[in-house]
Amino acid sequence: PNRPPGNISTETIGSKVTLKWSHVTAMHNESAVLGYKVLYKHEDQTVIRFLDKTKTSVSLPMPKQYGYVVLQIRTCSEGGDGPAHEIMVSQDS
């Protein structure tokens, strides 16, 4: 699909950040959504998580030594990955 997941919300509790989004439905001229890719990065570390299409949330560790993490969520399909929705989450969020 040619659009990123929408209705993104985050919740930080202790050392975890939970990211939630709405399911993306492919248009008639787009490949079906096979899943989602979540990119989680801070400082010099990058972690990519692939989730199946039934999951529209993920919980990730919130590192204590960094003030924020950058999260990107995008759809993936046979036609390739869709555009990313990027959000920064801080310990204070």
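The values are calculated or read from the model by the stated rules, or taken from the named source; none is laboratory data. These numbers come from a predicted model, not from an experiment. Please note: Cβ atoms are built from the backbone with ideal geometry, for glycine as well, and neighbour counts cover all protein chains shown. Accessible surface areas use protein heavy atoms only, side chains included; no ligands, DNA or RNA. Shrake-Rupley method; radii C 1.70, N 1.55, O 1.52, S 1.80 Å.
Here are some notes:
- Residue ID - modelled with the highest pLDDT, chosen from residues in the range 11-30 that are more than 25 Å from GLU78 (Cβ to Cβ) and surrounded by 15 or more Cβ atoms within 10 Å (Cβ to Cβ): LYS20
- Counted residues, the range 1-10 - those being assigned to a strand (DSSP E or B) and under 12 Å from SER77 (Cα atoms): 0
- Selection of the range 21-68 for residues being among the aliphatic types (A, V, I, L, M), in a loop (DSSP other than H, G, I, E, B) and closer than 16 Å to GLN91 by Cβ yields only MET62.
- Among the residues of the range 31-58, those identified as open to solvent by less than 50 Å² (accessible area, probe 1.4 Å) and either of a type outside the set (S, T, N, Q) or on the phi > 0 side of the Ramachandran plot (or both) are VAL33, GLY35, TYR36, VAL38, LEU39, TYR40, HIS42, LEU51, VAL58.
- Residue identified as of a type in the set (A, V, I, L, M) and open to solvent by 40 Å² or more (accessible area, probe 1.4 Å) among ILE87, ILE8: ILE87
- The range 69-84 - residue that is at pLDDT 90 or above and hydrophobic (A, V, I, L, M, F, W, C) and, of those, most open to solvent (accessible area, probe 1.4 Å): ALA84
- The residues of the range 37-55 that are touching a residue at least 12 places away in the same chain (Cβ under 8 Å) and more than 16 Å from VAL70 (Cβ to Cβ), listed by number, are PHE50, LEU51, ASP52, LYS53, LYS55.
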